[in-house]
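Some notes on the structure that comes next.
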Amino acid sequence: MAETGSNRAPETGAFFQRDRQWHPPALTPSYKSSVLRSPQKALVSFDNTLSESTGPVFGHAMLGELDNDLIHNFARPGESAIGERIIVHGRVLDERGNGVPGVLLELWQANAGGRYRHKREGYLAPLDPNFGGCGRAITGEDGGYALRTIRPGPYPWPNGPNDWRPAHIHFSVFGHGFAQRLITQMYFEGDPLIWRCPIVGGISNKAAIEALIAALDMQSTIPMDALAYKFDIVLRGRRSTLFENRPEGN
Amino acid sequence: MAQSLDRLKESPSQTAGPYVHIGLTPNFCGIGGVYASDLGSSMINDQTKGERIELRIRVLDGTGTPLREALVEIWQADANGFYNSPAEMRGAADPNFPGWGRQPTDTETGVCLFQTIKPGRVPFRDGRLMAPHITLWIAARGINVGLHTRLYFSDEEKANAEDPILARIEHRLRVPTLIAERQRDTYVFDIHLQGEKETVFFDS
Ligand SMILES: [Fe+2]
């Protein structure tokens with residue numbers, strides 16, 4: 001058994017079934033890239049085996065001091081990234097509402113002008129020499145995490161003739177089982193571009209979209225320094241194993 | 001009205017987009033100095049037990065063109081069939097094998113390579129052994145929800161024939177889409193997102 005960094009007994013049950021109606025479908029034609037990249041045949045369903053209910057563990061020891069600080073983790077000594085300084089914090093919970101400790105969160109984003117540091121990126125907004133655009137954190141015992149960054153700018157992208165992404169931060173999330181693996185995006189409260197975005201619009205349920213919109217959190221701001229947004233992430237919950245069927249004789 | 005079940009809904013998935021490398025393999029895309037190395041880029045060391053193998057994986061779109069900005073993650077048991085995970089209750093896995101790896105597809109050829117070991121057999125829920133396999137998870141621009149599939153091995157015909165997951169696949173013609181072809185110590189595996197050869201993807 002690998003170390004969890006937690007005092008809790010590890011949970012081993014199968015995960016709740018994923019609600020595919022809540023997620024965007026594979027094919028969302030107004031997001032053109034999905035057209036040739038969406039499987040067309042039915043997914044083959046099966047209850048989790050050990051291959052899905054287990055997953056890798058990432059210890060706090062792997063983190064560098066500035067991993068969760070995108071304002072400084074790429075900046076020259078004494079300098080910092082340009083933009084609206086923000087704290088992003090929240091908890092990773094499972095569908096039962098329990099905080100999930102030891103979750104690796106990896107994030108990436110554009111700079112304040114909406115430009116990514118990537119050689120395939122062609123937007124005319126300039127790079128910020130002090131902003132790389134990646135960061136990571138591991139949740140604590142209660143599932144909590146906190147990051148410091150700048151608010152990314154919206155950016156135009158080649159899809160429709162004039163599509164703009166709302167300001168967003170990409171999040172990659174590792175729970176305790178590989179079946180919980182998730183990549184999603186965080187949006188910002190009040191951004192009018194959210195409701196015009198073909199990628200967001202792939203989600204049909206308004207409440208599901210709202211679950212990806214971080215709320216401005218004035219109680220967590222740092223006065224004279226940074227605003228704050230609260231963003232909780234929910235991973236699949238595990239079924240109870242209390243009355244699990246066992247094969248005869250076991 | 002009945003009482004509330006007080007359950008939350010899973011956060012909806014959104015595409016990883018074209019710049020997934022910035023977040024998940026920053027050194028690969030030229031963002032150096034933030035992390036010492038890209039997570040999951042190396043899976044084995046001198047002490048890892050098991051047969052050394054290479055996986056040569058491509059992800060192809062509906063026109064047969066390989067994706068050149070995809071990200072592939074793998075999760076597998078060690079040589080004895082144990083997962084290096086707290087949820088593995090049967091015994092201790094090889095401490096020199098994390099079981100998890102992550103690679104970007106090559107920006108020119110679309111090939112991604114994993115240096116790993118052949119996994120042992122892992123029991124199914126009822127105790128029968130599954131055939132040796134590796135779980136794959138694929139993220140890329142245009143993929144709204146990460147895709148889950150498995151890689152099985154062409155030189156494990158007998159084990160594959162009794163594998164309970166492969167047995168669930170109703171259209172038997174599709175089973176070979178999950179079987180990587182052995183060429184010396186390399187297993188070649190093409191994942192077809194669409195079309196006649198569409199790979200079997202799972203919901204589990
Ligand atoms: Fe983006």
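The values are calculated or read from the model by the stated rules, or taken from the named source; none is laboratory data. As the structure is a computational prediction, the values presented were derived from the model and not from experiment. Cβ coordinates were reconstructed from backbone atoms using ideal geometry, including for glycine residues, and neighbour counts include every protein chain displayed.
Can you name every residue in the range B:10-23 that is in contact with a strand residue (DSSP E or B) (Cβ under 8 Å, 6 or more places away or on another chain) and within 13 Å of the ligand (Cβ to nearest atom)? Even if it seems obvious, please write down each step before you answer.
Kept after step one, since they are in contact with a strand residue (DSSP E or B) (Cβ under 8 Å, 6 or more places away or on another chain), are these residues of the range B:10-23: B:10-17, B:19-23.
Correct list: B:Gln14, B:Thr15, B:Ala16, B:Gly17, B:Tyr19, B:Val20, B:His21, B:Ile22, B:Gly23.
State all residues of the range A:140-190 that are touching a residue at least 60 places away in the same chain (Cβ under 8 Å) and touching a helix residue (DSSP H, G or I) at 6+ places or on another chain (Cβ under 7 Å); if no residue qualifies, say none.
Answer for the range A:140-190, where residues must be touching a residue at least 60 places away in the same chain (Cβ under 8 Å) and touching a helix residue (DSSP H, G or I) at 6+ places or on another chain (Cβ under 7 Å): A:Asn159, A:His170, A:Ser172, A:Gly177, A:Phe178, A:Ala179.
Residues B:Ile134, B:Ile138, B:Ile117: which one is away from chain A (no Cβ under 12 Å) and at pLDDT 95 or above?
B:Ile117 is the lone residue from the list that is away from chain A (no Cβ under 12 Å) and at pLDDT 95 or above.
Regarding B:Ala77, is this residue part of a loop (DSSP other than H, G, I, E, B), facing chain A (nearest Cβ under 8 Å), more than 16 Å from the ligand (Cβ to nearest atom) and crowded, with 23+ Cβ neighbours inside 10 Å?
Criteria met by B:Ala77.
Kindly indicate which of B:Leu8, B:Leu39 is part of a loop (DSSP other than H, G, I, E, B), in contact (Cβ under 8 Å) with a residue 24 or more places away in the chain, of a type in the set (A, V, I, L, M) and surrounded by 14 or more Cβ atoms within 10 Å (Cβ to Cβ). Step through it out loud before you land on a result.
On the way: B:Leu8 fails: in contact (Cβ under 8 Å) with a residue 24 or more places away in the chain.
Within the list B:Leu8, B:Leu39, the selection yields B:Leu39.
Got at least one residue in the range A:155-173 being at the interface with another protein chain (Cβ under 9 Å from one of its Cβ atoms), surrounded by fewer than 23 Cβ atoms within 10 Å (Cβ to Cβ) and among the β-branched types (Val, Ile, Thr)?
Yes, the conditions are met somewhere in the range A:155-173.
Given the criterion within 16 Å of the ligand (Cβ to nearest atom) and within 11 Å of chain B (Cβ to nearest Cβ), identify the matching residue among A:His23, A:His72, A:His118.
It is A:His118.
Considering only residues that are in a loop (DSSP other than H, G, I, E, B) and more than 7 Å from every other protein chain (Cβ to nearest Cβ), which ones fall in the range B:11-29? Let's see the steps before the verdict.
Pass one, the range B:11-29, residues in a loop (DSSP other than H, G, I, E, B): B:11-19, B:25-29.
Once the filter is applied, which keeps residues that are in a loop (DSSP other than H, G, I, E, B) and more than 7 Å from every other protein chain (Cβ to nearest Cβ), the range B:11-29 yields B:Thr25, B:Asn27, B:Phe28.
Every residue in the range B:1-28 that is over 21 Å from the mean Cα position of the chain (by Cα) and within 27 Å of A:Leu212 (Cα to Cα), please.
Scanning the range B:1-28 gives B:Gln3, B:Ser4, B:Leu5, B:Asp6, B:Arg7, B:Leu8, B:Lys9, B:Glu10, B:Ser11, B:Pro12.
Taking the residues in the range B:24-34 that are surrounded by 17 or more Cβ atoms within 10 Å (Cβ to Cβ) and in contact with a Lys or Arg (Cβ under 8 Å, 6 or more places away or on another chain) as candidates, determine which candidate is nearest to A:Phe231 (Cα to Cα).
Top of the filtered list is B:Leu24.
Hey, which of the strands (runs of 3 or more DSSP E) in the range A:129-245, taking only ones fully inside, have at least 2 residues that are within 30 Å of A:Ser51 (Cα to Cα) and either modelled with pLDDT of 95 or more or touching a strand residue (DSSP E or B) at 6+ places or on another chain (Cβ under 8 Å) (or both)? Write out each step before concluding.
On the way: elements: A:134-138, A:144-150, A:155-157, A:163-165, A:168-174, A:182-188, A:213-216, A:227-230, A:233-235.
Strands (runs of 3 or more DSSP E) meeting the threshold: A:134-138, A:144-150, A:168-174, A:182-188, A:233-235.
Away from the ligand (no atom under 16 Å from the Cβ), farther than 14 Å from A:Thr149 by Cα and surrounded by fewer than 19 Cβ atoms within 10 Å (Cβ to Cβ) - does that describe any residue in the range A:84-94?
Among the residues of the range A:84-94, not one is away from the ligand (no atom under 16 Å from the Cβ), farther than 14 Å from A:Thr149 by Cα and surrounded by fewer than 19 Cβ atoms within 10 Å (Cβ to Cβ), which makes the answer no.
Could you check, for the range B:82-92, whether at least one of its residues is closer than 15 Å to B:Met43 by Cβ, crowded, with 19+ Cβ neighbours inside 10 Å and among the acidic types (Asp, Glu)?
No; the residues of the range B:82-92 include none that is closer than 15 Å to B:Met43 by Cβ, crowded, with 19+ Cβ neighbours inside 10 Å and among the acidic types (Asp, Glu).
Six or more apart or on different chains, Cβ under 6 Å: which pairs go from a residue in the range A:107-135 that's farther than 29 Å from A:Gly90 by Cα to one that's within 14 Å of the ligand (Cβ to nearest atom)? Could you list them?
Partner pairs satisfying both residue conditions: A:Tyr123/A:Arg115; A:Tyr123/A:Tyr155; A:Ala125/A:Gly113; A:Ala125/A:Gly114; A:Ala125/A:Arg115.
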